[in-house]
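S.K.: Below you will find the structure I want to go over with you.
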Amino acid sequence: VLTLDAPLADGDYVWTVTASNGTTASNAPSNFTVDTTNLTELVKNGDFEEKNASSLPKQWTAAGVKTSVVVCESGLTHPEYQGLCGFIFFGQTGLNATLTQTLPITGLAINDRLTLRGAAQIGKAVAGAEIKLQVTYTDNTKVTRKLTQGAGSSLWQALEADPITLTKAIKKAVVTLSYKGISGKVTFDNISVISEDVE
């Protein structure tokens, strides 16, 4: 964990971690841009660092999650992608476990772009794990982006969807995380929806 003395200035950055033996961390490098004028993060607590007494993430609405919880690093145990915590879905029979968050839309305008990003560790998943962004316009038409992953390696996957360019006035935007497996598990972290003002 790197604690900065001051916020980063606007610009393009690369973060990486390399061990003393030259091995690069599986969740690095990460390219990112700081643009406080044109880019805005819409997801709150997308890194799951804040949780309530039931170990569910604050700012998110949980449904059917049963034993699924926020998990944080402890000693040599690192279930997170970056930061300290992630959210782990445990497989279960008969329920569609979801986390949802309704995003703030004040200030969003036609031609703005919304980009969905996230990270998933899917090696022990036995069915598709999904991160979804759905935008509903004021005429009730919808546009959706999904990041869907099936079972795979135990390494973290950094995911990004094609941007949604807003073509009409927006009524609602919701991001949903889900896992439908009857067993296994999947961990999510760094859930993000960036709005880009393209005026």
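The values are calculated or read from the model by the stated rules, or taken from the named source; none is laboratory data. Because the structure is a prediction, the values reported are computed rather than measured. Here Cβ is always computed from backbone atoms with ideal geometry, including for glycine, and neighbour counts include all displayed protein chains. When the accessible area is computed, the model is the full protein with side chains, heavy atoms only, and any ligands, DNA or RNA have been set aside. Shrake-Rupley method; radii C 1.70, N 1.55, O 1.52, S 1.80 Å.
S.K.: Tell me, what % of the accessible area of the chain is carbon and sulfur with a 1.4 angstrom probe? Each step should come with its number before you reach the end.
M.R.: Values: 5450 of 10880 Å².
Answer for the chain: carbon and sulfur cover 50 percent of the accessible area.
S.K.: What number comes out for accessible area per residue over the chain if the probe is 1.4 Å? Units Å², please.
M.R.: Working: 10880 Å² over 199 residues.
Accessible area per residue: 55 Å².
S.K.: Follow-up question, since we're still on this one. Where a ≥ b ≥ c are the square roots of the eigenvalues of the C-alpha gyration tensor, would you call segment 95-199 rounded, which needs a/c under 1.5, or, failing that, prolate if a/b is larger than b/c, or oblate?
M.R.: Details: a/c = 2.92, a/b = 2.00, b/c = 1.46.
The shape class here is prolate.
S.K.: Semi-axes of segment 6-68's equivalent ellipsoid from the Cα gyration tensor, sqrt of 5 times each eigenvalue, largest first, rounded to whole Å?
M.R.: Numbers: eigenvalues 171, 90, 19 Å².
Working through the eigenvalues yields semi-axes of 29, 21, 10 Å.
S.K.: Now a separate question. Once you have the Kirkwood Rh of segment 48-130 from its Cα pairs, apply Stokes-Einstein at 20 °C and 1.002 mPa s and quote D in µm²/s. Could you put the intermediate results ahead of the total?
M.R.: On the way: Rh = 14.8 Å.
After rounding, the answer is 145 µm²/s.
S.K.: Here is a follow-up. Near Lys180, which lysines are there with a Cα under 17 Å away, not counting those fewer than 8 places off in the same chain?
M.R.: Leaving aside lysines fewer than 8 places away in the same chain, those within reach of Lys180 are Lys66, Lys124, Lys132, Lys146.
S.K.: I've got another one for you. Defining a contact as two alpha carbons under 8 Å apart and six or more residues distant in sequence, what relative contact order in percent does the chain show? Mind showing how you got there, number by number?
M.R.: On the way: 486 pairs, mean separation 53.0, N = 199.
For the chain, the relative contact order is 27 percent.
S.K.: On to the next question. Sort 163-170, 17-24 by packing, meaning the average of other beta carbons within 10 Å per residue, with the highest value first.
M.R.: On the way: 163-170: 15.9, 17-24: 8.6.
Listed from highest to lowest mean packing, they are 163-170, 17-24.
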